[in-house]
Amino acid sequence: MHNTPRLFAHQEHTASWYATSSGPTPHYPTLQNSVQADVCVIGAGYTGLSAALELAKRGFSVVILEGARVGWGASGRNGGQVLNDVACGMETIAQQLGREQARRVWQMSLEAVELVKERVEAYHIDCHLQWGYVHAALKMRQMDALRQWQQQAADHYDYHDFNILEGRYELDPYLRSSRYIGGLYDPNSGHLHPLRYALGLAQAASHSGVQIYEHSPVQAIKAGPPAVLNTPQGQVQANYVVLAGNTYLGELAPALDRRIMPVGTYIIATEPLGESLARSLLPQNSAVCDTNFVLDYFRLSHDWRLLFGGRVSYSGMSPLNLKQSMRQDMLKVFPKLAASKVEFGWGGFVDITMNRAPDFGRLLPHVFYAQGFSGHGVALTGLAGLLMAEAISGQASRFDVFSRLKHRPFPGGPRFRTPALVLAMLWYRLRDLL
Ligand SMILES: Cc1cc2nc3c(=O)[nH]c(=O)nc-3n(C[C@H](O)[C@H](O)[C@H](O)COP(=O)(O)OP(=O)(O)OC[C@H]3O[C@@H](n4cnc5c(N)ncnc54)[C@H](O)[C@@H]3O)c2cc1C
């Protein structure tokens with residue numbers, strides 16, 4: 001398994017409001033010698049950090065190799081929405097695994113959110129965790145789907161905390177925008193500062209004895225066991241490997257690469273609006289996603305900016321004039337921000353699978369992976385790390401609920417999968433507009 005480190009050469013955190021508001025970020029050393037460990041984790045995003053933290057708690061010696069910086073990937077750039085559920089929806093899971101196993105997945109998705117809360121408290125991570133989430137509908141058929149999901153959640157998963165917001169009158173206390181006709185409120189989802197959360201997890205892992213190396217891209221793996229992982233200046237020998245490289249593993253793990261598609265999505269941050277203007281948009285400081293397939297997602301920051309995300313790019317190229325075009329989208333939702341400046345704009349890659357279900361498994365009995373969170377990974381990645389640690393400790397039953405989910409490669413191979421996906425997405429985009 002080989003990879004070129006072209007992506008990572010000297011990469012710092014992408015310029016974003018997150019990088020600006022995280023303060024000076026601690027530097028971890030570059031691997032420059034040969035080390036041995038029980039487990040080598042590739043990637044210091046939430047998945048890798050969570051796996052490392054849980055493994056260290058269980059007594060394993062752990063090395064993390066990160067090609068760029070801790071939280072450099074999606075974990076340091078995302079919308080910060082801490083959501084239960086899975087991106088594909090629970091029916092996809094139930095169709096594949098049956099209702100009983102789907103119930104386990106649902107419970108684990110709630111546990112994933114709880115785990116975020118526990119870690120923020122236990123490790124004193126200053127990441128402004130807030131609760132409350134609105135799934136907002138633009139059309140009657142979307143409202144019908146939200147009502148149906150509320151019913152199914154109660155009937156099949158014994159979840160009774162969703163609250164339907166019928167019409168603008170009920171929506172207004174949470175979200176003041178004439179673009180939406182109602183929504184579904186969940187008090188148990190919320191939002192946080194994603195890069196600060198990643199940095200806090202890294203600090204906790206490091207305090208637990210995990211050795212973290214930055215600017216240390218893995219270029220080649222000899223599977224072993226023991227596995228041997230080479231970086232430009234060093235080498236790790238380990239009995240287990242955890243692949244947590246998300247969309248960046250490429251040729252290092254071609255079988256995984258074929259099953260995920262990196263899709264660009266983008267976020268802007270306004271100037272600080274002041275609490276009064278900010279709360280006139282989102283009175284309860286809730287996170288919001290709309291119900292379109294190509295969705296808008298937004299929330300307030302702790303210094304009262306609006307962080308507004310959306311758009312997609314399948315080519316990997318950012319939209320021309322990113323801040324300006326995203327601003328137009330934001331003004332469709334909140335026209336009263338016409339006089340507010342947009343100060344930051346950035347993007348990142350979401351790791352989507354064909355069926356949008358998460359993709360966990362083993363490439364070999366000692367090589368574990370978790371990927372394909374499909375835009376729903378802030379909470380679920382933490383659980384993925386925990387489940388990999390359980391599996392490596394010999395308790396794989398929860399990990400294997402997920403590893404039984406079937407995944408297909410994207411049609412067209414690396415060269416033609418993008419045009420095929422663009423066509424499929426055009427269809428969904430058209431459906432959003434109807
Ligand atoms: C713009 C954006 C908005 C999003 N919004 C949300 C949201 O609001 N809510 C939500 O739930 N999800 C959201 N997501 C998805 C979520 O951020 C991801 O699912 C999650 O962060 C994935 O974490 P990860 O650790 O698996 O991957 P990453 O955070 O991408 O980490 C992978 C790491 O592996 C490293 N790596 C890869 N290959 C190698 C190698 N060969 N050697 C060494 N290191 C390597 C990379 O440098 C990277 O740091 C969003 C994603 C994006 C991009």
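Read-outs: derived from the displayed coordinates by stated rules, not from any lab. Worth saying up front: this structure is predicted, and the values here are computed from it rather than measured. In this analysis, Cβ positions are derived from the backbone assuming ideal geometry, glycine residues included, and neighbour counts consider all displayed protein chains.
So what does the Cα-only Debye profile of region 147-288 read at q = 0.09 Å⁻¹, as log10 I(q)/I(0), no solvent term? One equal scatterer on each Cα of region 147-288 leads to -0.57. Relative to the current alpha-carbon distance between residue 96 and residue 393, full extension at 0.36 nm per residue lengthens the span by 104.2 nm. Relative to the longest principal axis of the Cα atoms of the chain, helix 413-433 runs at roughly 20 degrees.
Computed over the chain with a Gaussian network model linking Cα atoms closer than 10 Å, the most mobile of 401, 62, 378 is 401. All Cα-Cα separations within region 1-122 were binned at 5 Å from zero, giving a P(r) of 2, 8, 13, 17, 18, 16, 13, 8, 4, 1, each value a whole percent of the pairs.
Multiplying the sequence separation of residue 30 and residue 118 by 0.36 nm and subtracting their Cα-Cα distance, what value in nm do you get? Mind showing how you got there, number by number?
Values: separation 88, 0.36 × 88 = 31.68 nm, distance 3.04 nm.
This chain segment gains 28.6 nm when fully extended.
Each residue of region 287-299 was assigned a 3J(HN,Hα) from its phi angle through the Karplus expression (A = 6.51, B = -1.76, C = 1.60, θ = phi - 60°), giving 7, 9, 10, 8, 9, 5, 5, 8, 9, 9, 9, 7, 5 Hz with x at Gly and Pro.
According to the Cα gyration tensor, what semi-axes, each the square root of 5 times an eigenvalue, does the equivalent ellipsoid of the chain have, listed from largest to smallest in whole Å? Each step should come with its number before you reach the end.
On the way: eigenvalues 231, 114, 89 Å².
Result for the chain: semi-axes of 34, 24, 21 Å.
By DSSP, the beta bridges lying fully in the chain are antiparallel in about 70 percent of cases. Each of the peptides 66-78, 137-149, 161-173, 48-60 was scored by the mean count of other Cβ atoms within 10 Å over its residues; in descending order, highest first, they stand as 66-78, 48-60, 137-149, 161-173. Between 30, 93, 124, the Cα set farthest toward the positive side of the dipole of region 1-157 (charges on each charged residue's Cβ, about the Cα centre) is that of 93. Basic side chains Lys and Arg get +1 at the Cβ, acidic Asp and Glu get -1 at the Cβ, and with that the dipole of region 29-156 about its Cα centre reaches some 260 debye.
Give, rounded to the nearest 20 debye, the magnitude of the charge dipole that the chain has about its Cα centre when Lys and Arg contribute +1 at Cβ and Asp and Glu contribute -1 at Cβ. Could you put the intermediate results ahead of the total?
Working: 39 positive and 35 negative charges, 228 e Å.
Using only the charged Cβ atoms, the result is roughly 1100 debye.
Between helix 99-122 and the chain, what is the angle of the helix's C-alpha long axis to the longest principal axis, kept within 0 to 90° and rounded to the nearest 10? Roughly 80 degrees between the two axes.
Only helical DSSP H runs with n ≥ 4 go in: add -39500 (n - 2.57) per run for the chain, normalise by residue count and round the 222 nm mean residue ellipticity to 500 deg cm²/dmol. Could you put the intermediate results ahead of the total?
Values: 13 runs with 153 residues, N = 434.
That comes out to -11000 deg cm²/dmol.
Spacing of the modelled spin labels on residue 255 and residue 280, each 7 Å from Cα toward Cβ, amounts to 5.8 nm.
Rounded, prolate or oblate, given the Cα gyration tensor of region 80-170, with a/c below 1.5 counting as rounded? Present the calculation step by step, with values, prior to reporting the outcome.
Details: a/c = 2.38, a/b = 1.21, b/c = 1.98.
Note, shape of region 80-170 comes out oblate.
Once the Cα atoms of helix 194-207 and of the chain are each reduced to a long axis, what angle between those two axes, in degrees from 0 to 90 to the nearest 10, is obtained? Approximately 30 degrees, to the nearest ten. With θ taken as phi - 60° and the Karplus curve 6.51 cos²θ - 1.76 cosθ + 1.60 applied, the whole-hertz 3J(HN,Hα) list for region 87-93 is 4, 6, x, 6, 5, 4, 5 Hz, x standing for glycine and proline. Annotation: for a label point projected 7 angstrom from Cα along Cα→Cβ of residue 404, residues of region 76-97 with backbone N closer than 16 Å are 91-97.
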